[in-house]
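*Asks:* So that we are looking at the same thing, I have put the structure below in structure tokens.
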Amino acid sequence: MQGSASLEIAPALTAQGIACRRGDRLLFRGLSFALQSGEALHLTGANGTGKTTLIRALAGLTTPFAGDVTQAGPLGLLDERPALDPELPLGRALAFWQRIDGCADPSGAFSVLGLEQLLEVPVRYLSTGQRKRAGLAALIGRGVPIWLLDEPLSGLDVAAIEQVTVLIQTHIDEGGIALIASHQTLAIKGLRSLELADYAAPIADFESEA
């Protein structure tokens, strides 16, 4: 299974004074953190507080309203959209990314994530949990050091949650970085926590800056 053990540079992910908004609403402000090789951060908060918005900003898919994001090393995103062709069998859909990412032997990830019996099933027929595991297999195949995981445990049964948790722990132990937005408790050693409610912006503050 391709991982991050052979990193040539030490990965890092830093957010400084980040503020994000959705439409005319400022979700949070003044958010800062720094992650280095072998570190993980658990992003918590109620629905609507901006967890997905923050992850998309960290991934470079949106621009923060304020603040800066810097990174050393490539990153990969896992969210509710695994970027797999829904009309293809899972094996062929994953093979598309394996060719692009240069993953020589994905069989280890397939085995650990319990996907071997699903490779001939069209992606559109997979359950939420099966798609989530498939997306994680694709992420592992990329071999990137920084993982951004948006609700990676949703839709998974107890056994699958344990498998995914072990994979995240292994990634960190091999020198990778993981930022995980999840409502669920994560059994990961040394996990730090960041609660978005601590950075919530009062509506009056946004109106005064508009």
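*Asks:* Give me the compactness ratio for the chain, meaning the Cα radius of gyration over 2.2 N^0.38 Å. Could the numbers behind the result be given before it?
*Replies:* Working: Rg = 17.5 Å, N = 210, 2.2 N^0.38 = 16.8 Å.
The chain yields a ratio of 1.04.
*Asks:* Say a paramagnetic label sat at a point 7 Å from the Cα of residue 184, along Cα to Cβ; which residues of segment 128-147 have their backbone N under 12 Å from it?
*Replies:* 129-130, 132-133
*Asks:* I want to check the label-to-label distance for residue 66 and residue 119. Put each point 7 Å from Cα in the C-beta direction and report it in nm to one decimal.
*Replies:* It works out to 5.2 nm between the two label points.
*Asks:* Among residues other than residue 155 whose Cβ falls under 14 Å from its Cβ, what is the net charge (Lys/Arg +1, Asp/Glu -1)? Provide the component values of the computation, followed by the final result.
*Replies:* Working: positive: 81, 131, 132, 133; negative: 79, 80, 150, 151, 157.
Result for the local shell: -1.
*Asks:* I've got another one for you. Starting from the residue with the highest accessible area, list 182, 193 in decreasing order, probe 1.4 Å.
*Replies:* Working: 182 5, 193 85 Å².
So, going from the largest accessible area down, we get 193, 182.
*Asks:* Report, to the nearest whole %, how much of the accessible area of segment 122-192 belongs to carbon and sulfur atoms, 1.4 Å probe, protein only. Each step should come with its number before you reach the end.
*Replies:* Numbers: 1410 of 2700 Å².
Roughly 52 percent, rounded to a whole number.
*Asks:* Could you compute the net charge surrounding residue 169? Neighbours are other residues with a C-beta less than 15 Å from the C-beta of residue 169; K and R count +1, D and E count -1. Provide the component values of the computation, followed by the final result.
*Replies:* On the way: positive: 189, 192; negative: 39, 162, 173, 174.
Summing Lys and Arg as +1 and Asp and Glu as -1 gives -2.
*Asks:* Treating the angle as unsigned and between 0 and 90°, give the value, to the nearest 10°, between the Cα long axis of helix 158-173 and the longest Cα principal axis of the chain.
*Replies:* The two axes meet at around 70 degrees.
*Asks:* When ligands, DNA and RNA are left out and all protein chains stay put, how many square angstrom of accessible area per residue does the chain have with a 1.4 Å probe? Display every interim value, and only then the final one.
*Replies:* Numbers: 10120 Å² over 210 residues.
That works out to 48 Å² per residue.
*Asks:* Sticking with this one: Please give the helix 128-142 orientation as an angle from the longest Cα principal axis of the chain, in degrees from 0 to 90, rounded to the nearest 10.
*Replies:* Here the helix axis deviates by roughly 90 degrees.
*Asks:* Looking at the chain only, what percent of DSSP beta bridges run antiparallel? Nearest 5 please. Don't skip to the answer; put the middle values down first.
*Replies:* Values: 16 of 33 bridges.
Once the DSSP bridges in the chain are tallied, antiparallel ones form about 50 percent.
*Asks:* Here's a follow-up. At a Förster distance of 25 Å, what's the computed FRET efficiency of residue 10 paired with residue 159, Cβ-Cβ distance as r, to 0.05? Display every interim value, and only then the final one.
*Replies:* Values: r = 34 Å, r/R0 = 1.35.
In this case the efficiency is close to 0.15.
*Asks:* Rounded to the nearest 0.05, what FRET efficiency do residue 166 and residue 192 give with R0 = 22 Å and r taken as the Cβ-Cβ distance? Could you check? Could the numbers behind the result be given before it?
*Replies:* Details: r = 19 Å, r/R0 = 0.87.
The computed FRET efficiency comes out at 0.70.
*Asks:* Shifting gears a bit: Within the accessible area of segment 1-85, what % is carbon and sulfur when the probe is 1.4 Å and the other protein chains stay in place? All intermediate terms of the calculation are to be shown ahead of the outcome.
*Replies:* On the way: 1990 of 4120 Å².
That fraction is 48 percent.
The values are calculated or read from the model by the stated rules, or taken from the named source; none is laboratory data. In this text, all values refer to a predicted model and were calculated from it rather than measured experimentally. Every residue, glycine among them, receives a Cβ derived from its backbone with ideal geometry; neighbour counts consider all protein chains shown. All accessible areas refer to the heavy atoms of the entire protein, side chains included, with ligands and DNA or RNA removed. Shrake-Rupley method; radii C 1.70, N 1.55, O 1.52, S 1.80 Å.
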